[in-house]
1. Search the range 91-114 for residues being in a loop (DSSP other than H, G, I, E, B), open to solvent by less than 30 Å² (accessible area, probe 1.4 Å) and of a type in the set (A, V, I, L, M), and hand back the single one that is farthest from Lys8 (Cα to Cα).
2. I'd like to check something: does the range 44-62 contain any residue that is in contact with a strand residue (DSSP E or B) (Cβ under 8 Å, 6 or more places away or on another chain), closer than 22 Å to Cys4 by Cα, touching a residue at least 12 places away in the same chain (Cβ under 8 Å) and β-branched (Val, Ile, Thr)?
3. Among the residues in the range 65-80, are any in contact with a helix residue (DSSP H, G or I) (Cβ under 7 Å, 6 or more places away or on another chain), more than 19 Å from Phe6 (Cβ to Cβ) and not β-branched (Val, Ile, Thr)?
4. Applying the selection to the range 24-81, what residues are touching a His at 6+ places or on another chain (Cβ under 8 Å), farther than 15 Å from Val96 by Cβ and open to solvent by 40 Å² or more (accessible area, probe 1.4 Å)?
5. Need a quick list: strands (runs of 3 or more DSSP E) entirely within the range 1-90 having at least 2 residues that are away from ligand 1 (no atom under 11 Å from the Cβ).
Amino acid sequence: MNDCIFCKIVNGEIPSNKVYEDDKILSFKDLNPEAPVHVLIIPKKHISSLNEVDDEAAETIAHIFKIVPKLVKELGIDEGGYRIVSNCGEDGGQSVPHVHFHLLGGRSLNWPPG
Ligand code: 5GP
Ligand code: ZN
């Protein structure tokens, strides 16, 4: 947990461009954006992957999705559309072991992903 870069972003050890924050979750711009809008939404409490979701984490994840309508409006992608994706494990392409949701928008996105 202590070496986790997203935990360090939560506690301010690593700077980030925040777009939303409350007591449970944080959203900030991805360092290497793949779209004009690319932010990450994370639970503040460390949880390494979707495989570890328990009742408390599930509540926090539900909270994330309650915030999405407001967030996408603020980011100006509510009408154009967007994608939310969470990569899990090696095959899923997860590189940071702290659960996060990518919110991507601002351009037409390809499907299916590679
Ligand atoms: P994953 O590959 O695990 O699905 O997504 C991790 C994401 O975190 C990547 O898109 C990567 O660009 C982003 N990322 C990695 N380190 C940092 C960082 O220190 N700050 C920010 N803002 N994003 C990061
Ligand atoms: Zn963490």
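1. Residues of the range 91-114 in a loop (DSSP other than H, G, I, E, B): 93-100, 106-114.
Among the residues that remain, those that are also open to solvent by less than 30 Å² (accessible area, probe 1.4 Å) are: 96, 98-100.
Cutting the leftovers down to of a type in the set (A, V, I, L, M) gives us 96, 99.
Working: Val96: 12, Val99: 14 Å.
Among them, the one singled out is Val99.
2. Restricting attention to the range 44-62, the residues satisfying the condition of being in contact with a strand residue (DSSP E or B) (Cβ under 8 Å, 6 or more places away or on another chain) are 44, 57, 60-61.
If we keep only those that are closer than 22 Å to Cys4 by Cα too, we end up with 44, 57, 60-61.
Those left that are additionally touching a residue at least 12 places away in the same chain (Cβ under 8 Å): 44, 57, 60-61.
Now narrow it down to the ones that are β-branched (Val, Ile, Thr): 60-61.
Yes, the range 44-62 contains a residue that is in contact with a strand residue (DSSP E or B) (Cβ under 8 Å, 6 or more places away or on another chain), closer than 22 Å to Cys4 by Cα, touching a residue at least 12 places away in the same chain (Cβ under 8 Å) and β-branched (Val, Ile, Thr).
3. Looking through the range 65-80, at least one residue is in contact with a helix residue (DSSP H, G or I) (Cβ under 7 Å, 6 or more places away or on another chain), more than 19 Å from Phe6 (Cβ to Cβ) and not β-branched (Val, Ile, Thr).
4. Across the range 24-81, the qualifying residue is only Lys24.
5. Ranges flagged: 18-21, 37-43, 82-85.
Yes/no per residue for (1) of a type outside the set (Asp, Glu); (2) farther than 17 Å from Val72 by Cβ; (3) under 11 Å from the mean Cα position of the chain (by Cα):
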| site | (1), (2), (3) |
| --- | --- |
| Asn11 | yes, yes, no |
| Ile14 | yes, yes, no |
| Asp22 | no, no, no |
| Phe28 | yes, no, yes |
| Pro33 | yes, no, no |
| Glu52 | no, yes, no |
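The values are calculated or read from the model by the stated rules, or taken from the named source; none is laboratory data. Remember, predicted model here, so these are calculated numbers, not experimental data. FYI the Cβ positions are ideal-geometry reconstructions off the backbone, even for glycines, and counts take in every protein chain you see. Accessible surface is based on the protein model in full, side chains and every heavy atom, while ligands, DNA and RNA are left aside. Shrake-Rupley method; radii C 1.70, N 1.55, O 1.52, S 1.80 Å.
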